[in-house]
Each structure stands twice: as C-alpha cells, then as structure tokens.
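What follows is one structure encoded as structure tokens, with my remarks underneath.
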Amino acid sequence: MKLASLREGGRDGLLVVVSRDLTRALAVPDIAPTLQSALDRWAEVEPGLRAAAVALEQGEPPGWFPFDPSRCASPLPRAYQWADGSAYLNHVELVRKARGAEMPPSFLHDPLLYQGGSDGFLGPTEDIAVPDEAFGIDFEAEVAVVTDDVPMGVDAETALRHVKLLMLVNDVSLRHLVPGELQKGFGFFQSKPASAFAPVALTPDELGDAWRDGKVHLPLRSYVNGELFGCPDAGRDMNFHFGQLIAHAARTRRLGAGTIIGSGTVSNRGPDGGPGRPVAEGGVGYSCIAEQRMVEILRHGRPLTPFLRYGDRVRIEMRDREGRSLFGAIDQKVVPA
C-alpha cells in the first residue's frame, strides 16, 4: 500500500492512497483525513485503506485522479517526532575525519541518534532555501521508517513490528555550521534545516523480499544536476537495523504514533574495505557531498567537489529490481532564502 499527502489538505495535508505505478490516487477522507490520523488509529483504519488500494489497482474507482508529485507535501507534513540515526559507520568515519574528530569505540555497538526539527518538513519538489551559500549546503539521502505507538523498553526484534511505513529522506545539512555547533556539546540545530521526504510512504510489504532483517536491500540513487552522484545499497554496511534504532530511541521513553526514525546517510564501503570510489571511477559513489570531499582529501590532499550552490538540483529515488520507482522522487532546487 502506498500513501501520500496533498498540500491542499491544509497544514497536515490530505491523505490519498496511490497506485503501485504512481499514476493514480484516491482521497479517503471517510477512512482518515490525514496520515497522522491514520497512524493514530492504524489497527482500525488499515483494512479500509488497503481496500481502497485494491480498488485503485483493479480499476478506476469513483473519485480517482491522476497522481501528481508536485501537489504533494511530505507524507507527514509535520510530525510529533523526527529522530535521525547514523547507522552506516562508513559515513560516520568519513564525516568525522572531515572535521578532525576521532570515532569513539562505543559507536561500534551503540547507535547514534539526534532529534531533528519536525514542526515542518519540505515537500518532495519544494525548493531548499538557504540564507548563504557559504554555509556549505549538502544533501543526505536516507531511508526512514514511521512507527505506531512504541512502548518504552521495547527490544530490537519486537520494535520491527511497530514499523508501519517507509519513506525516503533528504536530510539537508549545512556543513560549515556543524563544527561550531557540535563544539558547544549540545548537538545540531542551525546546521540542520528542514528535511524533505519523497512523495509516497509505503508499507513494508510493498518491498517484498527487499525488506528483511530490518533493512531495505535496494540501491538508493542520488543525482546532482542530472548526473548520478551515488547508488549505494541501503541494505549493505548498515551496522544498526531499524529495530535497533527504534529500541535505542525507546530505551527511556515511549514513542508516539507517527514517530519518524531515519537511517542516516546511506553509505557503502569499497570492495577493499575502504571508503569506496566516486561513480565516475566505477564505484557506487556517495549519498552526500561531504563523503566524496573527504575521500578526495585522503587521495588528493584537498577537496575537489564543491558543496551545493544556488540553482543546483538534487534528485533522490529508489527503484525496485525491475526499475520501477517505489516512493517517487525527491527533486529539489537550491535557492536563496
């Protein structure tokens, strides 16, 4: 089942069911007016949503209309909680090297999470507005899950039962603001503006056997100005699966329905165990510019790839093994605020 939220529904969007081929949609206000309201009553409304999805697949039920991603907000235009992880240790090592920080041994067995701003997300085609190019504008391509109500102290395997939806994320980062904020010892704030999500959220069964062990085993593709920048496999080198991330978040608190947990930047090591190579050199590339810049420093002594500038476009998408888009695409332009 695939779900989206149209902007014309107001601040929390209008929930629609979307066909598997992303061509048709159907509003379901009698079942749930918004995605958050559906998550609040998931056990009650899921059968009705699935029935609407079946009707959409079988034909053209009354009220259907062509699906247009440009009409979409984020599937959850705002959320009660957005906690982003850093489950790919290759990414952690590279970005910490970039700012001259060592990786503590605890990172190997204790997941990283930070609490991001969730009062407003960017839609999948909404511009990335930044006050100054000098902030070091970067994209970060990630996978995320959405939960129902999660009890405090849940174990990692049980936590996976609370995953109701999956999404794609562009966790926009302002790299040149990160070091100063982290030196204060209180975490990200100004360096993490609003994140963007792909137009469609989907239930795990839509992925078939690509969803297993709490991971999505498919490449996540990122493009900058139409050129492929990275296509690492989201199931490879993910050191902590989503069940572990959820359990970590719920160790001392309950998680409310509609909580979003991010994987962190998808990142693969190279065949030799090293940090991998850019796409132009036959590698799978990277899911953010910071990683490629760090590899350039290690190999050439200086970064060669600039951060994003005004007018640049970023596209993030995941396709199934037959080449069909699963979530639709995040497709954004960087503009002055």
Tell me, which residue of the range 168-193 that is out of contact with any Ser or Thr (no Cβ under 9 Å at 6 or more places or on another chain) and of a type in the set (Gly, Ala, Ser) is nearest to LEU22 (Cα to Cα)? GLY187
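Does LEU160 satisfy being open to solvent by 20 Å² or more (accessible area, probe 1.4 Å), in contact with a helix residue (DSSP H, G or I) (Cβ under 6 Å, 6 or more places away or on another chain) and in contact (Cβ under 8 Å) with a residue 40 or more places away in the chain? Walk me through how you get there before you give the answer.
Numbers: open to solvent by 20 Å² or more (accessible area, probe 1.4 Å): yes; in contact with a helix residue (DSSP H, G or I) (Cβ under 6 Å, 6 or more places away or on another chain): yes; in contact (Cβ under 8 Å) with a residue 40 or more places away in the chain: yes.
Here the answer is yes, as LEU160 does meet what is asked.
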Filter the range 175-196 for residues that are outside any loop (DSSP other than H, G, I, E, B) and among the aliphatic types (A, V, I, L, M); the one that is nearest to LEU39 (Cα to Cα) is ALA196
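For the range 165-191, how many residues are buried (at least 21 other Cβ atoms within 10 Å of the Cβ) and not aliphatic (A, V, I, L, M)?
Residues in the range 165-191 being buried (at least 21 other Cβ atoms within 10 Å of the Cβ) and not aliphatic (A, V, I, L, M): 3 in total.
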If you go through HIS109, HIS91, the only one that is within 21 Å of TYR223 (Cβ to Cβ) and modelled with pLDDT under 95 is HIS91
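The values are calculated or read from the model by the stated rules, or taken from the named source; none is laboratory data. These figures come from a predicted structure and were not determined experimentally. When we count neighbours, we look across all protein chains shown, and the Cβ atoms used for this are built from the backbone with ideal geometry, even at glycine. Please note that ligands, DNA and RNA were not included when accessible areas were found on the heavy atoms of the full protein model with its side chains. Shrake-Rupley method; radii C 1.70, N 1.55, O 1.52, S 1.80 Å.
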